[in-house]
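Bear in mind that the values in this text are calculations on the coordinates, not laboratory data. Just so it is clear, the model here is predicted, and its values are computed rather than measured. Neighbour counts run over all protein chains shown; Cβ positions are idealised from the backbone, glycine included.
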Amino acid sequence: MASLLRPLYWTIWASPRRRAQKLLQFAEVEAEGGRDLVRASELTVDPVLRRLFLAHARDEERHARMFRSRGLALGVGMPPRAGNTMFDWISPGERGLDDLRIKDEHLGSLLAFIHLSESAAARDFAEYSSVLGHDPLTRSLFDHIGRDEEHHMRYSLAQLRRVASGGSRALLWKARLRRLWKAYLRLASAIAGIMSTVLLTIQYFVLLPPFALLAKFAMRREQPGWTVLPPALDSKSGREF
Amino acid sequence: MKILGISAHYHDAAAALVIDGLPVAAVQEERFSRAKNDAAFPMAAIEWCLDQAGLEPEQLDAVVFYEQPALKFDRILTSSLRSFPHSWRSFPKAMKNMLGEKLWIRGIIASQLGVPGRKVLFSGHHMSHAAASFLTAPCGEAAILTADGVGEWATMTIGAGQKGKDHATSIKLIRELRFPHSLGLFYSAFTAFLGFAVNEGEYKVMGLAAYGVPNRVDDVYQVIQRTADGALELDLRYFDFHSRAETSFSKRFTDLFGPPRNPNEPIDLASQDGRRFVDIAASAQRVLEDILVDIAQALHRETGFPDLCLGGGVALNGVANARLLAESGFERVSVPPAPGDAGCALGAALFADRIHFGQPHRDVPDHPFWGPGIEPADLLRLAREDDIPVEEVDEDALLSDIADALWQGAIVGWMDGALEFGPRALGHRSLLAAPHDAALRDRLNRDIKYREEFRPFAPVVTLEHAHRFFELAPGAERLGRFMSGVFPVRREWRERLAAVTHVDGTARVQVLDPPMAPRLARLLDLYGQRSGIPVLLNTSFNLAGEPIVNTVAEGYSTFRRSGIDLMVAGSICVRKGGQRHEALSEAAE
């Protein structure tokens, strides 16, 4: 799969502008992941895990700074991009602990999720590094962060084995299935989003024009400035409208 | 009566519980979810409020939502129709946004809380702001001015309120300004233009304005004009927010003011572009102030009341508030500790109690501490587990030690009692430091708050000493109570208060009435005995991008991750040095 995507990755990372934007985006994802880990450290009662989560969070914060700094260096003078693009789906960076409600998570599930997220990130970053021969600084950044992700991957697995003892394998499979389910939900909601946008846009152009005309006529009759409110309006009714 | 107020779904969701006319709990959802400005339905905040009072949802007499969703939907739909066909991109987004959840509030509240739909009431958005401000202010009658981006249709209202012990409390909103003409959205457009996040970065524009010269006021008055009746009107050719979701200003706006700032690039005051940005910030700020002052002067002439109650997000602009106090003719200006949408949860509950149900007025305790308390023993346990030096000492010795540490340049994380309701840390979840050293301010910015260097820090001083250090106009103590006004630092003290004096010689001072936070007041006295200046730098206990800490564990993790030297929770004190770190590489073995 990775080798199939390689030409696509090459295309994505070839443009300095897109590279800058992706790195800035990764910085945000890493910072968000760091905050999730801080939250995990605040909630756990296991002192070893608390210290490990804090150390991991510090790494994520450092990665965020590194990505941001390189992104800004690459993007000097470029205007910021508005909104997401299709490429954000194809080269996601680290997903961190997205969609995870830290306070509702069992410790074992959380560690399994961290392990899988870090593994995916290490794999992705290695792929990105392999197509960045033309940009040694960004390449070394991915190599450096990728090594950290491998540490994260290993410590989370070791701790999962400690916390869940015999059940770690089952938890990992469960986490894999959850990631798959979440990926499906993301895809399904994206498709639903596109479909509803198309339908609403059709309605906008087919159904709304006569009402738009009326609304525009009504707007012309409105006076600028204050609207005087009726004396009885102290909203005693408590209604929705 | 037991009434729960809720604000949600736009920014800064919150819940507040009022029992027999008095608040018993109020808290923002972000303090539990740890997502800054969390707008989600505030289930955790609601649960905490109910737990605090030992209530089950079915025991509530009413649940009040802070605005009228159907009326809001009417505004969004009508705006899309009026800007047809330019609104074709924003229309699907707006419809999905409203129809997905925001329109069905009664059903959501009923199903989430298990209360019958008939118990769910609604208050107007600006009525909630007005109630939050007027019904909590220590005055019997007052003029009311609310201003924010937009509620349902209203963007600004003026009115008057009267309190009566005999079921006669009233809030009369006399006039409203309607969307899209909005002072809040005007300021937000400049916030976006200057590269800051809308609904969050407005205070940065205010801070930046002090560096500039208001030499673009005439240009600003091209985009916002006064109407004959004293209101205002935006020239919509310069704005995009009414027809597009992505941007708030149009190409004509950038033709007038030049290219917008790239949010990723710092503001370099030495560059031509940097000067342009600060001058634009100063000009937009000046126009906002001039318009507010003018409207308030007219309101004072109309009502004749000595008190003005301000509400809505615009009331967070401390520079404008101070000018209102000085120039509007009102003797006192009251801004509640949570004037934004979060405060509407409390406003809506008080509105229902006093006005919808006609209950007699009761004076609301004049403090912001309506949130969860702390468990100091947690700090003892956490620190011991991490081999951090920790001590439990008696009150006098503890405060004395902290005053010594502050005088020696330490940055102190201070947790005491119940959490503040609203965006300001007012002495229960604060970072404290000496106010004299600009290097300390830079250290705070660099190692702890990680924020732009142009943003000032605020001082806290007791009522007794406030006039010695700050030029406080008559009535300024009221604004200073919740850090809602910006006032000049007396010239002779500016150098010795360098860490809290902004570039224009002002400070957003908290004037502390000792009974409101007695331990902090004592600490200020002790610090004053050592330094000769009973003033401290007081900023919120959080890191960049995070909400203010709530629990001791959150304070502790903030302490561990930043350059804070010392943390205090109740009578427990921990210091940096010698703590255990866990190496990830070793843990992986």
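Tabulated data
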item	result
Average Cα contact separation per residue, chain B, under 8 Å, 6 or more apart, as relative contact order %	16
Helix A:107-130 vs. chain A, principal-axis angle (Cα, 0 to 90°, nearest 10)	90
Approximate spin-label separation B:GLU392-A:THR197, in nm, with each point projected 7 Å along Cα-to-Cβ	5.8
Length released on extending from B:LYS251 to B:TYR221, taking residue separation times 0.36 nm less the Cα-Cα span	9.1 nm
Potential lengthening between B:VAL213 and B:GLU385 on full extension [0.36 nm per residue; Cα-Cα distance subtracted]	56.5 nm
Estimated FRET transfer efficiency (A:ARG65, B:ASP294; beta-carbon r; R0 51 Å; 0.05)	0.65
Lysines with Cα under 16 Å of B:LYS449, excluding same-chain neighbours fewer than 8 positions away	B:LYS36, B:LYS204
Separation of alpha-carbon centers, region B:98-125 and region B:1-67, rounded to whole Å	13
Computed label-point distance, nm, for sites B:ALA70 and A:SER140 using a 7 Å Cα→Cβ extension	6.6
Sequence-separation-based contact order of region B:376-575, relative, with Cα cut under 8 Å and 6+ spacing, percent	36
Angle between chain A longest axis and helix A:168-206 axis [Cα atoms, degrees, rounded to 10]	20
Cβ-derived FRET efficiency at R0 25 Å, B:ASP525 paired with B:ASP437, nearest 0.05	0.75
Near-label residues of region A:166-200 by backbone N, under 15 Å of a point 7 Å along Cα→Cβ of A:HIS106	A:166-178
Of B:PHE190, B:CYS344, B:ALA377, farthest towards positive along the dipole that unit charges on Lys, Arg, Asp, Glu beta carbons give the protein assembly as shown	B:PHE190
Cβ-placed point charges (K, R +1; D, E -1), dipole of region B:376-575 about Cα centre in debye, nearest 20	700
Euclidean distance of C-alpha centroids, region B:456-485 and region B:71-92, integer Å	45
GNM top mover of A:VAL163, A:VAL48, A:VAL206 - chain A, alpha-carbon springs below 10 Å	A:VAL206
Under-5 Å amide H pairs with B:VAL213, H placed in peptide plane, nonlocal only	B:ASP279
Sum of -39500 (n - 2.57) over DSSP H runs of 4+, divided by residues of the protein assembly as shown (222 nm, nearest 500)	-15000 deg cm²/dmol
Label point distance in nm, A:LEU207-B:ASP513, each placed 7 Å from Cα along Cα→Cβ	5.5
The protein assembly as shown: antiparallel DSSP beta bridges as a percent of all, rounded to 5	75
Helical segments meeting 24 Å axial Cα length and Kyte-Doolittle 1.6 threshold in chain B (DSSP H)	none
Dipole-positive endmost among B:GLN510, A:ALA212, A:VAL76 within the protein assembly as shown (Cβ charges, Cα centre)	A:ALA212
Charge dipole (debye, nearest 20) of chain A; +1 at Cβ of Lys and Arg, -1 at Cβ of Asp and Glu	220
Residues A:LEU4 and A:ARG186, FRET efficiency given R0 of 22 Å [Cβ-Cβ distance, rounded to 0.05]	0.60
Angle in degrees between helix A:136-164 and the longest Cα principal axis of chain A, rounded to the nearest 10	80
Reach of B:LYS172 by Cα under 23 Å, taken over lysines that are not fewer than 8 positions away in the same chain	A:LYS236, B:LYS72, B:LYS163
Lys, Arg +1 and Asp, Glu -1 on Cβ, resulting dipole of the protein assembly as shown about Cα centre, debye, nearest 20	2400
C-alpha center-to-center spacing [region B:367-414, region B:295-333] in angstrom	39
Of B:ALA569, B:PRO389, B:LEU299, farthest towards positive along the dipole that unit charges on Lys, Arg, Asp, Glu beta carbons give the protein assembly as shown	B:LEU299
Cα-based reach from A:LYS103 at 12 Å (exclusive), listing aspartates and glutamates while leaving out same-chain residues under 8 positions away	A:ASP36, A:GLU42
